[in-house]
Amino acid sequence: MLLKLSARYLCLSMLASTCWLQAQAAPAPTVKSPKVVLVSIDGLRWQEVFHGADPEILRNSQFIRHADQLAELPTKPQQLMPFVHQTIASQGMLVGDRRRGSAMQVSNPWHFSYPGYNELLSGFPDPAINSNGKIANPNVTVLEWLNQQPGMAQQVAAFGSWDVLPFILNTERSKLPVNAGFAPMNEQMAGPLTPQLKLLNQLQRQTPSPWAAVRLDVFTQQFALEYLTQKKPRLLYIAYGETDDFAHDGQYDQYLKAIRRTDGFIKELWQQLQSDPFYAGQTTLLISTDHGRGDNANSWQHHASGRAIAGYMKKLKNFGNGVSGSDQIWLAALGPQIPARGLVQTQQPWSQSQVASTVAELLGYDYQAYQYKAAAAIPLGTADEATVQLAGRRAAMTTAAEGAGSAPQQGTVLTPQ
Ligand SMILES: [Zn+2]
């Protein structure tokens with residue numbers, strides 16, 4: 001009896017990490033014609049993704065403009081990101097909840113946007129990219145490279161809310177179709193404009209944005225969905241931006257509402273993909289971010305490394321050693337090539353620089369064969385080091401449990417809080 005209890009306690013104490021091993025044992029189904037949609041949500045902290053609103057920030061009236069509406073704010077993880085917590089947590093995988101042994105980080109030394117997008121898209125950190133200026137990226141991104149591969153020509157497109165995205169993707173050189181910032185959709189990119197696109201162009205022109213360099217995400221979303229319907233790219237990148245800007249503005253209530261809206265955009269996107277025979281059952285969705293943010297109520301608005309503060313980000317000099325937490329990111333994945341692993345526990349943090357190779361691998365291409373500096377793809381469908389080690393422990397535990405006559409543990413997925 002004692003042995004039985006301790007085996008059960010062991011399993012619980014390991015946060016069921018052994019149990020998702022059973023759930024992810026089935027091999028990923030073969031995908032005949034794979035497609036990928038890569039999404040980034042600018043500066044969205046893993047703290048809100050996995051644990052919801054920070055009560056200490058919520059209590060600070062400086063960050064909540066409309067305290068009378070506090071009760072209506074989405075604050076629990078399930079309220080903030082229902083698609084992530086209902087669909088992705090049960091059917092896909094999540095990384096980045098540091099309170100539960102799952103970590104991902106940027107590798108670049110700056111911890112702000114352009115260096116993060118460069119790392120995400122080119123597959124390696126480039127210390128020379130040290131500003132958010134509108135400078136054509138000297139590095140080739142995985143989008144540019146894939147667009148030049150057999151079978152992928154004219155099959156890649158990008159949409160973003162920030163007007164620097166065309167420079168990050170170096171559209172002058174890459175010739176990638178990109179719609180970002182306040183650019184209207186044009187016929188060069190979309191072909192003859194549908195009534196829907198004409199209306200979106202008009203609404204965008206007539207709608208004020210709170211920011212000079214970033215449009216409201218609804219335009220990025222609707223332009224992307226219309227493009228998806230009309231042009232059917234095999235690789236689509238969507239870069240949402242509102243979360244970061246509301247956070248910089250110190251409007252925590254608006255930041256929370258933006259998170260909720262963005263989760264809804266992703267659900268809408270996923271539903272459109274699943275209702276289109278070209279994409280349904282063939283498409284992998286990857287979601288991540290360009291950087292983290294400060295990890296407490298005094299620093300959540302900001303993000304920068306100490307090195308960045310010594311130079312480009314000197315306005316943050318009060319945070320001399322850097323804004324702690326800025327390098328911490330997360331990732332979510334869903335689709336036929338993604339096993340239902342729930343929250344994946346990591347022995348070593350995964351890196352932002354692994355995403356580019358991952359995108360290529362999902363589409364059947366070897367990015368590292370071209371870009372030797374790129375990090376290896378994330379082991380999405382297979383066991384990583386931590387899994388292997390846990391598998392050994394699980395075997396030992398199963399033996400102990402069986403010896404005590406207890407029923408084998410059911411395969412359950414560790415869902416995030
Ligand atoms: Zn950013």
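The values are calculated or read from the model by the stated rules, or taken from the named source; none is laboratory data. Predicted model only: the values in this text are computed from it and were never measured. Methodologically, a virtual Cβ is constructed for each residue, glycine included, from the backbone with ideal geometry; neighbour enumeration extends over all protein chains shown.
Considering each of F83, F167 in turn, give the residue that is in a helix (DSSP H, G or I) and farther than 30 Å from R341 by Cα.
F167
Quick check on the range 353-376. Is at least one of its residues more than 16 Å from the ligand (Cβ to nearest atom), modelled with pLDDT under 95, polar (S, T, N, Q) and over 26 Å from F265 (Cβ atoms)?
No, the range 353-376 contains no residue that is more than 16 Å from the ligand (Cβ to nearest atom), modelled with pLDDT under 95, polar (S, T, N, Q) and over 26 Å from F265 (Cβ atoms).
Within the range 246-260, which residues are surrounded by 24 or more Cβ atoms within 10 Å (Cβ to Cβ) and within 16 Å of the ligand (Cβ to nearest atom)?
Across the range 246-260, the qualifying residues are A247, Y255, A258, I259.
Restricting to the range 116-131, name every residue that is in contact (Cβ under 8 Å) with a residue 40 or more places away in the chain and either within 11 Å of the ligand (Cβ to nearest atom) or over 14 Å from the mean Cα position of the chain (by Cα) (or both). It would help to see each step written out before you state the result.
So the first thing to find is which residues in the range 116-131 are in contact (Cβ under 8 Å) with a residue 40 or more places away in the chain, and the list is 116-125, 130-131.
Passing the criteria: G116, Y117, N118, L120, S122, G123, F124, P125, N130, S131.
How about the range 159-181: which of its residues are hydrophobic (A, V, I, L, M, F, W, C) and under 21 Å from Q230 (Cβ atoms)? Quick ask: steps written out before the conclusion?
Of all residues in the range 159-181, those hydrophobic (A, V, I, L, M, F, W, C) come to 159, 162, 164-165, 167-169, 176, 178, 180.
Answer for the range 159-181, where residues must be hydrophobic (A, V, I, L, M, F, W, C) and under 21 Å from Q230 (Cβ atoms): F159, L165, L169, L176, V178, A180.
Identify all residues within the range 98-136 that are part of a loop (DSSP other than H, G, I, E, B) and buried (at least 24 other Cβ atoms within 10 Å of the Cβ); write none if there are none. Give the derivation first.
Restricting attention to the range 98-136, the residues satisfying the condition of being part of a loop (DSSP other than H, G, I, E, B) are 101-103, 106-112, 123-136.
Answer for the range 98-136, where residues must be part of a loop (DSSP other than H, G, I, E, B) and buried (at least 24 other Cβ atoms within 10 Å of the Cβ): S102, V106, N108, W110, H111, F112, G123.
Could we say that I287 is more than 14 Å from the ligand (Cβ to nearest atom), part of a helix (DSSP H, G or I), touching a strand residue (DSSP E or B) at 6+ places or on another chain (Cβ under 9 Å) and within 25 Å of V36 (Cβ to Cβ) here?
Working: more than 14 Å from the ligand (Cβ to nearest atom): yes; part of a helix (DSSP H, G or I): no; touching a strand residue (DSSP E or B) at 6+ places or on another chain (Cβ under 9 Å): yes; within 25 Å of V36 (Cβ to Cβ): yes.
Spelling it out, it is not the case that I287 is more than 14 Å from the ligand (Cβ to nearest atom), part of a helix (DSSP H, G or I), touching a strand residue (DSSP E or B) at 6+ places or on another chain (Cβ under 9 Å) and within 25 Å of V36 (Cβ to Cβ).
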